[in-house]
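**Q** First, the structure itself, so that you have it in front of you.
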Amino acid sequence: MTSKPDAAETAQNAADKPPMTEEEIAAAAERQSSIRVLRKVAPYLWPRDMAWVRRRVIWAMVALVVSKLVSVATPLFYRDAVDALAGEGAPMLALGAIALTIAYGVARLMNVGFQQLRDAIFARVAQRALRMLALETFQHIHRLSMRYHITRKTGGLSRIIERGVKGVEFLLRFLLFSIGPLILELLLIGIILTILFDIWYLVVVAVTIALYVWFTFAITEWRVKLRRQMNDQDTDANQKAIDSLLNYETVKYFGAEGREAGRYDTAMAGYEEAAIKTNYSLAFLNFGQSLIITCGLIGVMVMAAIGVQNGTLTVGDFVMVNAYMVQITVPLNFLGTVYREIRQALVDMGQMFDLLEQPAEITDKPDALPLVVKGGRIVLEDVQFGYDPDRQILKGVSLVAEPGETVAIVGSTGSGKSTIGRLLFRFYDVQGGALKIDGQDVRDVTQHSLHDAIGVVPQDTVLFNDTIRYNIAYGRDGATQDDIEAAARAAQIHDFIKELPEGYETPVGERGLKLSGGEKQRVGIARTLLKNPPILLLDEATSALDSETEHEIQDALRRAGEGRTVLTIAHRLSTVAEADRIVVLEAGRVVEQGTHDALLAADGRYAQLWQRQQSEE
């Protein structure tokens, strides 16, 4: 009796094993990823709270099984019809052959009918799963923090979502209705061949299928790597194209059309090489599959032909064996494609689920309550923050904006002005101290209520590629035309819109490029006024405009701020001279605060910035 190895011996045996290669580690990780993906998709196909979905799945499976039973029975009618026709030609046999031929045709029709019924029953289940997954992904992307979005490439992100959703559709269609039915059909045919003939037919068919599957999977694994490289190159080329088109004006300014075309062509050249390798590997796969399946077909047909010559089999048996082999060959011919696409679908879905598992940096607390704005008093208490742990931006900033007060935050570039606005809107959380509105820490209230309470007019208003009416109406869901026009009048853009041939239905173009900078800003102001928030954040709202347009926009902003707490972040000091209080930031700290006149009289940092800008102007 042998004793079990102790822990030391087991550890020694493990140490004697060669370490896993990078490819083996990657393959193991991919298998785990595939299992994870299947687990995540399963609840969409078998939801516990939707009985109608489960019923449809069950009936689809019933239709699938019936269609395969009819499919494997069809060659039996074919055999009997051939045997009847090969007889002495007696009238009864002739009538039997006709009936068997009709039965054969009916069986084929029933096979197709049950397959279509299965697809029709399952269609709503599959489309619901796609819709739910796409919606969940879309919502999750909007929940992710600004830090995530500014580090990701939008074009690549959209491709991940697109390929992931398509991967789910492919997986549902082929994994359930190609691989599963194929396995069931092969088992039924194997049983029939064993019962009606002998075990050697099953052995030849089994060996043929085993070799076919092994060869297909081995070559397809190689092709999956090539396909992944092709996808990477495709994503890279797509990203470069989108990035270049979004920066169309910049490309023109620097005469960089040739440079951009070169970058795009380089990416497409990589895609071309990967695509060529993929096509070569496909040719090799197809030839190898044909060789294996043809050898198996010849082997089985030779055995059947010998049986007919010996008198142990009929001509109908010979024809039936051929029919079964053809019946096996047709789905097997698609096995490589289906397997490759399923593997690719799992990879694409894995990337999408990785995205879904990306944690949201900013989340509501479980007990978060809606923000209650009584006056709009904003308080920063010793706020500390840095985008990078090694680089602190705000170093203990404290300031107060009383209800209805306009407070301007000024300072040199990099002093942390815009960071305060992002913290107020809670794109990021403070890392030290607190930021409160009417005594409520913004981290303790729901993000939705916080966002509802704050209206933002940024330096560069980005508009949707839709009409002026749509862009203004975006400020409040369900706004009427009268509400939209009232907001446009307050933003001093109504008269301009009415002069346009299409009025409020005028398209603004991609990112609003059909409008001038001042017109875009006015649309943005109208949109914010329609929102009617108690707190207004102006983040360098006029710094990109000319002096005349800036003066006009300032009037609109001044009206917009009436009765609201206004936090103005500005680089151009002339735009904030009338603010109730001006806070001067320098290197992440408050160095001065007071009215414009008081700060000039103090002859400090603000006075230096003012004199410099005045001399420049």
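**Q** What is the Cα centroid distance between region 297-347 and region 575-617, reported in whole angstrom?
**A** Spelled out, the Cα-based centre of one part sits 87 Å from the other.
**Q** Counting only Cα, what are the radius of gyration and maximum Cα-Cα distance Dmax of region 302-361, in Å?
**A** 23.4, 78
**Q** Right, something else. How much net charge surrounds Gly475 when only the other residues with a Cβ under 15 Å from the Cβ of Gly475 are counted, with Lys and Arg +1 and Asp and Glu -1?
**A** Numbers: positive: Arg469, Arg476, Arg489, Lys520, Arg522, Arg527, Lys531, Arg564; negative: Asp452, Asp466, Asp477, Asp482, Asp483, Glu485.
Here the count lands on +2.
**Q** Let me check I've understood the local charge: for Ala81, count other residues with C-beta under 13 angstrom from its C-beta, Lys and Arg +1, Asp and Glu -1. What total comes out?
**A** Its environment carries a net charge of -1.
**Q** Next question. Which peptide among 402-408, 346-352 comes first, and what is the full order, when sorted by highest mean count of other Cβ atoms within 10 Å? Spell out each step's value before the answer.
**A** Numbers: 402-408: 19.3, 346-352: 23.4.
My ranking of the peptides, most packed first, is 346-352, 402-408.
**Q** Order these peptides, 552-563, 600-611, by their mean beta-carbon neighbour count within 10 angstrom, highest first.
**A** Working: 552-563: 17.0, 600-611: 15.0.
Descending packing order for the listed peptides: 552-563, 600-611.
**Q** Could I ask something else about it? Per Stokes-Einstein, at 20 °C and 1.002 mPa s, what whole-number D in µm² s⁻¹ belongs to the chain, with the Kirkwood radius over Cα pairs as the hydrodynamic radius?
**A** Numbers: Rh = 31.1 Å.
D = 69 µm²/s.
**Q** Moving on to the next point. Please report the Cα spread of region 161-319 along all three principal axes, rounded to whole Å, starting with the longest.
**A** 87, 28, 23
**Q** Which of the DSSP-defined H helices in the chain satisfy a minimum axial length of 15 Å, computed from C-alpha atoms, and a minimum mean Kyte-Doolittle hydropathy of 1.0? Kindly include the intermediate steps, with their values, before the conclusion.
**A** Details: long enough: 22-45 (34 Å, -0.22); 51-85 (51 Å, 0.94); 91-143 (78 Å, 0.56); 154-170 (24 Å, 0.06); 180-196 (24 Å, 2.50); 199-246 (67 Å, 0.28); 257-310 (78 Å, 0.37); 315-333 (27 Å, 1.04); 335-356 (30 Å, 0.33); 517-531 (21 Å, -0.51); 547-560 (19 Å, -1.38); 605-616 (17 Å, -1.99).
Going by DSSP H runs, the hits are 180-196, 315-333.
**Q** Now a separate question. First select every other residue whose beta carbon is under 10 angstrom from the beta carbon of Ala401; then total the charges, Lys and Arg +1, Asp and Glu -1.
**A** Net of charged neighbours comes to -1.
**Q** Further, regarding this structure: Can you count the Lys pairs in region 319-465 with C-alpha separation below 20 Å, eight or more apart or on different chains? Provide the component values of the computation, followed by the final result.
**A** On the way: Lys365/Lys436; Lys374/Lys436; Lys395/Lys417; Lys395/Lys436; Lys417/Lys436.
Close lysine pairs under the 20 Å cut-off: 5.
**Q** Determine the percent antiparallel among the DSSP beta bridges restricted to the chain, to the nearest 5.
**A** Around 50 percent of the beta bridges assigned by DSSP in the chain are antiparallel ones.
**Q** Which of the residue pairs Lys166/Lys225; Lys498/Lys520; Lys166/Lys277; Lys166/Lys531 have a Cα-Cα distance greater than 27 Å in the structure shown?
**A** Details: Lys166/Lys225 19 Å; Lys498/Lys520 15 Å; Lys166/Lys277 24 Å; Lys166/Lys531 37 Å.
Pairs exceeding 27 Å: Lys166/Lys531.
**Q** Highest mean first, how do 306-317, 482-493 rank when packing is the count of other Cβ atoms within 10 Å averaged over residues? Could you put the intermediate results ahead of the total?
**A** Details: 306-317: 14.2, 482-493: 19.4.
Going by the mean number of other Cβ atoms within 10 Å, highest first, we get 482-493, 306-317.
**Q** Can I ask one more? For Tyr474, what accessible area in Å² do you get when you roll a 1.4 Å probe over the heavy atoms of the protein chains, rounding to the nearest 10?
**A** In the full protein context, Tyr474 sits at about 120 Å².
**Q** In straight Cα distance, which aspartates and glutamates are under 15 Å from Lys68, not counting same-chain residues fewer than 8 positions off?
**A** Hits, sequence-local ones excluded: Asp119, Glu185.
The values are calculated or read from the model by the stated rules, or taken from the named source; none is laboratory data. Note that this is a predicted model, so its numbers are computed, not measured. Here the Cβ is made from the backbone with ideal geometry for all residues, glycine too, and neighbour counts use every protein chain on show. The accessibility values were calculated without ligands, DNA or RNA, using every heavy atom of the protein model including side chains. Shrake-Rupley method; radii C 1.70, N 1.55, O 1.52, S 1.80 Å.
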